[in-house]
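Student: To start, I am sharing the structure in question, which I have written as structure tokens.
The values are calculated or read from the model by the stated rules, or taken from the named source; none is laboratory data. Predicted, not measured: the structure shown is a model, and the values here were computed from it. So basically every Cβ, Gly included, is an ideal-geometry build from the backbone, and we count neighbours across all protein chains shown. Keep in mind that these areas ignore ligands, DNA and RNA; they rest on the heavy atoms of the full protein, side chains included. Shrake-Rupley method; radii C 1.70, N 1.55, O 1.52, S 1.80 Å.
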Amino acid sequence: MEMNIAELKKGGFLKQLQKDYFAVRLRVAGGNLTLEQVETIHQVAKKYGKGYIHLTTRQGMEIPFIHFEHIDAVREELRAGGVELGVCGGTVRGVMACQGSYMCPHGHVDAKALSRQIDEQFFAAPVPGKFKISVAGCNRSCAKPQENDLGFGGVLRPALREKDCISCGLCADLCPVAAITMQDGYPLLSREKCIACGECVTACPSGAWREGEAGVRVWAGGRIGRDPKLGEVAISFMPITKIPAAIEASLAFFREHGRSKERFGKVIERIGWEKYREAMERATKKDA
Amino acid sequence: MQPKKMLDIVKDSCPITFVKTKLALEALVTGDILEILLSGGEAVKNVPRSLRAEGHRVVALEKQQNGTYRMLVEKEGSLGKDS
């Protein structure tokens, strides 16, 4: 049997140290699998694997010890049960997410839903090097957006409805950047100091602080690897509807300037943050 | 506005703070006021907003000299909710 290792790798089969064996990477978006998918993975791993599953560091899953003779059967049986294969190499990888506003009290955006949309649109898109995306519901960053080539984190611009305010001052006490001061019994917000973390809206006992506008902060260039670096803020506030445009612009920048296997952050550093930020600005300011 | 009952959860941590508050409110009737003493930090960040989310009305919240908070909650109060 002919084996094209590069082709297999691109399709989610990772060569193991053990001769003729591969670990099969699965496609997972936002760290969620349905019970039907779990059942399928269980069955396939039981039939062809070695009795266990490997959880990856990015909410992914791999079935180790698949013999190369079973590769086609594994692919087909997984697919029939609603499970797609993951990817390796120069591609957009599985998209990570925290629980987000769907169930976390701190979430400002639905990170899981956004990760699914991003996965649908961009999963496996070819680029010069690996490209990892993560979505966090707020800037507590549980989904580590700053460790990814491109990361999004929910942010919230607060708005005050004075008539509901009970003048407790909790918002002023809790604001992490002291952007709120109490003036004549009511909170006064400094828009300049505000980092749109939304803590005031989350904590307000009377609902006087409410959502003004929800959006995302965009970080770019984050990576771990041999030369770890946290991503830098590329856009501090952007409506969630602009996420696809921001990804498109980043992938286009990567394809235009990136060398084979280069990480996105390295490309930005080489070409210049200014140029990248300009490209992002252009792409996300356009009317959608 | 006379509190019907007083609850001290200063020494408790989340989510016990919320559970104790919920149980105390269950023993009251609609419109009753519960007085709660709670600590700063996580408790004051979470308990008041959780009560509001459950449909109660936080009538007052004041920081005490010693850094703890005193809160008055009206059981299933009709004001202050989303409208």
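Student: Just need the relative contact order of chain A here, percent rounded to a whole number, with Cα pairs under 8 Å and 6+ apart.
Tutor: This gives 14 percent for chain A.
Student: Additional query: Note every residue of segment A:171-208 with a reduction of at least 10 square angstrom in accessible area, all protein chains present versus the isolated chain, computed with a 1.4 Å probe, or write none.
Tutor: A:Asp173, A:Leu174, A:Glu199, A:Thr202, A:Ala203, A:Cys204, A:Pro205, A:Ser206, A:Gly207
Student: With each pseudo-label sitting 7 Å past Cα toward Cβ, what's the A:Lys261-B:Val19 distance in nm, one decimal?
Tutor: Going by the 7 Å Cα→Cβ label model, 5.3 nm.
Student: From the protein chains alone at 1.4 Å, what is the descending order of accessible area for B:Asp12, A:Asp119, largest first?
Tutor: B:Asp12, A:Asp119
Student: Calculated from DSSP H runs of 4 or more alone, at -39500 (n - 2.57) each and per residue, what is the 222 nm mean residue ellipticity of the protein assembly as shown, nearest 500?
Tutor: Numbers: 11 runs with 111 residues, N = 371.
So the calculated ellipticity at 222 nm is -9000 deg cm²/dmol.
Student: A plus B alone minus the pair: what accessible area, both sides summed, probe 1.4 Å, in Å² to 100?
Tutor: Protein heavy atoms only, the A-B interface buries about 1300 Å².
Student: Given H placed 1.01 Å from N in the peptide plane, which residues other than close sequence neighbours of B:Lys5 have an amide H under 5 Å from its amide H?
Tutor: For B:Lys5, the qualifying residues are B:Glu35.
Student: Taking segment A:11-100, which trypsin sites (Lys or Arg not before Pro) meet the DSSP loop condition and have no more than 14 other C-beta atoms within 10 Å?
Tutor: Numbers: sites: A:Lys15, A:Lys19, A:Arg25, A:Arg27, A:Lys46, A:Lys47, A:Lys50, A:Arg58, A:Arg75, A:Arg79, A:Arg93; in loops: A:Lys19, A:Arg27, A:Lys50, A:Arg58, A:Arg93.
Listed in order of number, the matching sites are A:Lys19, A:Lys50.
Student: Here's something else I'd like to know. Size of the dipole of segment A:69-178 about the Cα centre, Lys and Arg at +1 and Asp and Glu at -1 on the beta carbon, nothing else charged, in debye to 20? Write down the numbers at each step before the final one.
Tutor: Working: 12 positive and 13 negative charges, 81 e Å.
Charge dipole of segment A:69-178: 380 debye, to the nearest 20.
Student: Next question. Name the trypsin sites (Lys or Arg not before Pro) in segment A:222-276 that are in a loop by DSSP and that have at most 14 other C-beta atoms within 10 Å, would you?
Tutor: Listed in order of number, the matching sites are A:Arg226, A:Arg259, A:Lys261.
Student: State the number of lysine pairs found in segment A:110-252 whose Cα atoms come within less than 22 Å, restricting to pairs 8 or more positions apart or on distinct chains.
Tutor: 11
Student: Please give the per residue volume of the convex hull enclosing the alpha carbon atoms of the protein assembly as shown, rounded to a whole number of Å³.
Tutor: Once divided by residue count, the hull of the protein assembly as shown is 184 Å³.
Student: Can you work out ³J(HN,Hα) from phi for every residue in segment A:186-191, in order, using Karplus 6.51 cos²θ - 1.76 cosθ + 1.60 and θ = phi - 60°, giving whole Hz and x for Gly and Pro?
Tutor: 10, x, 10, 9, 8, 4
Student: What figure in square angstrom, to the nearest 10, would you give for the accessible area of A:Val38 with a 1.4 Å probe?
Tutor: 70 Å²
Student: What does the accessible area of A:Asp20 come to, in Å² to the nearest 10, when a probe of 1.4 Å is used?
Tutor: Using a 1.4 Å probe on the heavy atoms, I get roughly 40 Å².
Student: Quick one: ranking B:Thr68, B:Thr17, A:Thr241 by accessible area, 1.4 Å probe, largest first, what do you get?
Tutor: A:Thr241, B:Thr68, B:Thr17
Student: With equal scatterers on the alpha carbons only and no solvent term, can you work out the Debye log10 of I(q)/I(0) for segment A:140-245 at 0.18, 0.23 1/Å?
Tutor: Rounded to two decimals, the profile gives -0.86, -1.14.
Student: Using each residue's phi in segment B:17-25, evaluate 6.51 cos²θ - 1.76 cosθ + 1.60 at θ = phi - 60° and report the 3J(HN,Hα) Karplus result to the nearest Hz, with x for Gly and Pro.
Tutor: 3, 5, 5, 4, 5, 4, 5, 4, 5
Student: What is the percent carbon and sulfur in the accessible area of chain A, measuring with a 1.4 Å probe over the protein chains and ignoring ligands?
Tutor: Roughly 51 percent of what the probe reaches on chain A is carbon or sulfur.
Student: Another question about this same structure. Taking the Kirkwood radius as the inverse of the mean 1/r across Cα pairs, report the Rg/Rh of segment A:1-101.
Tutor: My calculation of the ratio gives 0.96.
Student: Looking at segment A:184-285, which GluC sites (Glu not before Pro) are DSSP coil and have at most 16 other C-beta atoms within 10 Å of their C-beta?
Tutor: A:Glu192
Student: What are the ³J(HN,Hα) values, in whole Hz, obtained from phi via the Karplus relation 6.51 cos²θ - 1.76 cosθ + 1.60 with θ = phi - 60°, for each residue of segment A:81-91 in sequence order, with x given for Gly and Pro?
Tutor: Going residue by residue, I get x, x, 10, 9, 7, x, 9, 10, x, x, 8 Hz, with x marking Gly and Pro.
Student: Pop out the Kirkwood hydrodynamic radius of chain B from its pairwise C-alpha distances, inverse of mean 1/r, in Å to one decimal.
Tutor: The Cα-based Kirkwood calculation yields 12.5 Å.
Student: Express the accessible area of segment A:5-80 per residue in Å², computed with a 1.4 Å probe while the remaining protein chains stay in the model.
Tutor: Solvent-accessible surface per residue comes out at 59 Å².
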